[in-house]
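Here's the structure, in structure tokens; my notes come after.
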Amino acid sequence: MKRIAALLVLAFAATHANAGLFSDDDARKQIQDLQTQVNAQAQRIQILEAGNKNMLNLVNQIQQLQQDLATLRGQNETLQYNLDEATKRQKDLYVDLDTRVRNIEQAKAQAAQQQQASVQQTLDAAVGLAKNGKNKEAAAALTQFIQANPDSDQTPVAQYWLGVSQTGLKNYKAAQSAYAAALEAAPDSAIAPDALYGRAVAANASGDKKSARAYLLQLLEKYPSSDKAAIAKKALLTTN
Amino acid sequence: MKKILMSALLTALLAACASSPKPAPVVATPTPAPVTDNKPATVDLTQGQNLPANNPLTDPNNILSQRNVYFAFDSYAVDAKYNDLIQAHAKYLLEHKDAKVFLQGNTDNRGTAEYNMALGQKRADAVKKQLQALGVADSQIESVSFGKEKPIEQGDTEEAWSRNRRTQIVYQGESGQ
Amino acid sequence: MLLRFARFVVAMSLLASAAAHADISFDVVGVGANQYPIAIAPFQNEVQQQQPITPVVSDDLARSGLFKVIGAGDLSPVPYEQAQLNFPPLVAKGAQTVLIGSVTPQGSQISIKFHLVDVASKQQLVGYELIVPPNKMRYAAHKIADMVYDKITGFGPMFNSKIAYVVKQGKRFELQVADADGFASQAILASNQPIMSPKWSPDGTRLAYVSFEDQKPIVYVQDLMTGKRWKAANFWGSNSAPAWSPDGSKLAVVLTKQGGSQIYLVDASGTNSNPRRLTNTGDINTEPSFTPDGQIVFTSDRGGAPQIYRMSASGGNAERLTFQGSYNASGKVSADGKTLVFVTQQGGGYKTAVMDMSTRQVQVLTDTSRDDSPTFAPNGRMVLYETQLGGKGVLAAVSSDGRVKARLRAQAGDVRQPAWGPMLK
């Protein structure tokens, strides 16, 4: 208690001692300065507190962004998984489809082969008749074959042999049209020079030497390296 | 902070003097200083229930007595309406470096127990990140999870679920849940 | 058939209630696709023991859902040895096999002899003698059930094992250990704060668990025989979800000391101060569980919602395993590595499901809606899990193919978080 009293006395002494040093104006100025300082500080506090609010919002925003990122990662994982699955399924599906298509194609090729084989058989039989001089039967069989298979790659062969048979039957006009059809359908095939030669033979037999000669010249010109070209050359030399 | 408080007191005194007809310039000496020095009265939080009657942490009129941050369903972000509460606790912790809080995260009772531990942690960490952003030292904040193990509300109602989705702020020395 | 089972189980639980009050008993609902009809004759002199053998064996086999147990106590005379077997009445009962035996005191021990005989061929399938102390009769019975079960189904043993679970009654939490059939339960820890996540060490001698006794989750390991316990993970923040490495030396645990929930590896001895962090991606990585080949499956929110992933035990890249639904958690892989059991959210409920690890085909096993903590039997044929019945936590079991379901009898308090331990030696 005594000590406090002593302190108070001291304080009073100090303030009174100071009193003489300041004028009223000085005090006012000091007060004003302090007032400005306080205002400035209050403003700073406001700014700081606003900053704090922003900070809290930022923390929440980061949290939200992390959540969004995770959701995107999850979607990515799911998409990747679905893609992998789809790729696998597609591969499986392709293999399955490929096997099925191959089976179908094989079956189809087999059927076509079988059909072709039967076409060939029919033709061989007809050609056989022609080769054996059974011209009438051969002509009938070959005509039927041509009607049944108008687009077969064997049709020109049939037409050629029809020409041969008709020549044998002395139906030179029919023979000429058969040979012509064969030539038109397969001008580059192995039977083309034979057909041209046939035309010459048929023309010669029908007495049209001029046409026969023209066919032979045509044969020499178009198919100079064929077997029949050599025969044509000889024939031309003799008829000359 | 202390400085600001001090000068505020000073100006208040000075302003009072200025308005008086006979200004006594004597007050220019910093006599109020001892008052602010006494201000951070040591609140001994380690004493548990024996907290002083005027403890700001338990004073129902003080925002510091509010301790629960509730979360929406499937949410782990602190709603902006808790900004004042968070700032008040941050300020207290900044001013009381020896104080420490446990942030106890909780979930509703749906989902597996172990996963809910992690979800409760997420809610505790959300509050922790906010305190950290305001400058509170890591050593003053320990965030832990109670998962769905200690619900304050039993039952399978929306009401119970929303009451349990929360982070509770417990100061060291307090009994907690 | 079902009715007969039910009656049988009732009789069983009456018998058992005399022995232990807090024990758990199962009701079997649903049966396997193929049931093996087995006749079981009471063993000679077994009723003179405090715990007869054949009721326990019958209960085990019936609970598996794969056996149709036929009482053979009405045979006259009741056969105890192979020579006493009269086959026509057994054929008439529809039995494919018959189990007979005898119980004989041998000094302070008890000798249990039994024979499993094929009815059609009259050949003995199993013949064995067990010598046990009188207080190990249940152990002997489970062992016999396992030998019969394995011989006939080829699925490997599962009955002679222990389960651990948490019981909450009012404010009291107990960590209990019991036989796999729920009998012979015993509390190994009691606390006024929550206890969580009991996990068996691979050798069955220790339990890891989480206790809140210090106001925060801390991982403990407790030796079952000595009762000695220590903190295996006690770091800043939460410590939870322990899982044993296959060799029993390490624990994968979930720590939050560096923010978020991340999986770390610590020594089970609790001596390490510097745990090794295994996960970095995502806020939540938890519910670790080792696969038999030493990898770790775990739940992560890295994809925005809980899904199950797999990574190596040293961490690094993780492969996502679950893609159906927006909540898949609590994954565990069976001992053969072929099946993942987990909890999936479906129609607002949480159900137990299995996934074939090679085809990724998912099958939901249960029709309950609050499932948690599914755990495989040692042979992977059954799954024990927590669910809710009448607002209370109960344990339930389901076969891995979903056909057989066994629900636990109502018990006091909530029973939670079961863990099925390894086979007893």
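What to note about this one:
- Filtering region C:189-231 to residues that are basic (Lys, Arg) and either in a strand (DSSP E or B) or away from every other protein chain (no Cβ under 14 Å) (or both) leaves C:Lys199, C:Arg206, C:Lys228, C:Arg229, C:Lys231.
- Residues located in region C:400-415, provided they are outside any loop (DSSP other than H, G, I, E, B), touching a Gly at 6+ places or on another chain (Cβ under 7 Å) and open to solvent by 40 Å² or more (accessible area, probe 1.4 Å): C:Lys405, C:Asp414
- Residue satisfying all of: in region A:30-70; open to solvent by less than 90 Å² (accessible area, probe 1.4 Å) and within 14 Å of chain C (Cβ to nearest Cβ); farthest from B:Leu134 (Cα to Cα) among these: A:Ala70
- Residue match in region C:171-188 (condition: within 12 Å of chain B (Cβ to nearest Cβ) and either open to solvent by 20 Å² or more (accessible area, probe 1.4 Å) or in contact (Cβ under 8 Å) with a residue 60 or more places away in the chain (or both)): yes
- Residue within region C:74-96 that is touching a residue at least 12 places away in the same chain (Cβ under 8 Å), within 21 Å of C:Gly182 (Cβ to Cβ) and of a type in the set (D, E, K, R) present: no
- Hey, B:Gln130 in contact with a Leu (Cβ under 8 Å, 6 or more places away or on another chain), facing another protein chain (nearest Cβ under 8 Å), of a type outside the set (Ser, Thr, Tyr) and part of a helix (DSSP H, G or I) or not: yes
- Any hit, region C:284-307, residues being β-branched (Val, Ile, Thr) and more than 22 Å from C:Val210 (Cα to Cα): no
- Residues of region C:72-114 that turn out to be farther than 17 Å from C:Asn45 by Cα and not in a loop (DSSP other than H, G, I, E, B), as a count: 9
- Where B:Lys100 falls short, out of the listed (1) surrounded by fewer than 22 Cβ atoms within 10 Å (Cβ to Cβ); (2) facing chain C (nearest Cβ under 8 Å); (3) of a type in the set (Lys, Arg): (2)
- The number of residues in region C:330-366 being within 14 Å of chain B (Cβ to nearest Cβ) and more than 19 Å from the chain's Cα centre (by Cα) comes to 7.
- Within region C:299-314, not a single residue is more than 14 Å from chain A (Cβ to nearest Cβ), open to solvent by less than 10 Å² (accessible area, probe 1.4 Å) and either small (Gly, Ala, Ser) or within 22 Å of the chain's Cα centre (by Cα) (or both).
- Entirely in region C:251-353, the strands (runs of 3 or more DSSP E) that have 1 or more residues that are within 27 Å of C:Gly421 (Cβ to Cβ): C:262-267, C:285-290, C:296-300, C:307-312, C:328-333, C:339-346
- Any hit, region C:118-133, residues being over 25 Å from C:Met382 (Cα atoms), surrounded by fewer than 14 Cβ atoms within 10 Å (Cβ to Cβ), hydrophobic (A, V, I, L, M, F, W, C) and out of contact with any Gly (no Cβ under 9 Å at 6 or more places or on another chain): yes
The values are calculated or read from the model by the stated rules, or taken from the named source; none is laboratory data. If you're wondering where the values come from, they're calculated on a predicted model, not measured in any experiment. Cβ: placed from backbone, ideal geometry, glycine included. Neighbour counts: every protein chain shown. For accessibility, only protein heavy atoms count, side chains too; no ligands or nucleic acids. Shrake-Rupley method; radii C 1.70, N 1.55, O 1.52, S 1.80 Å.
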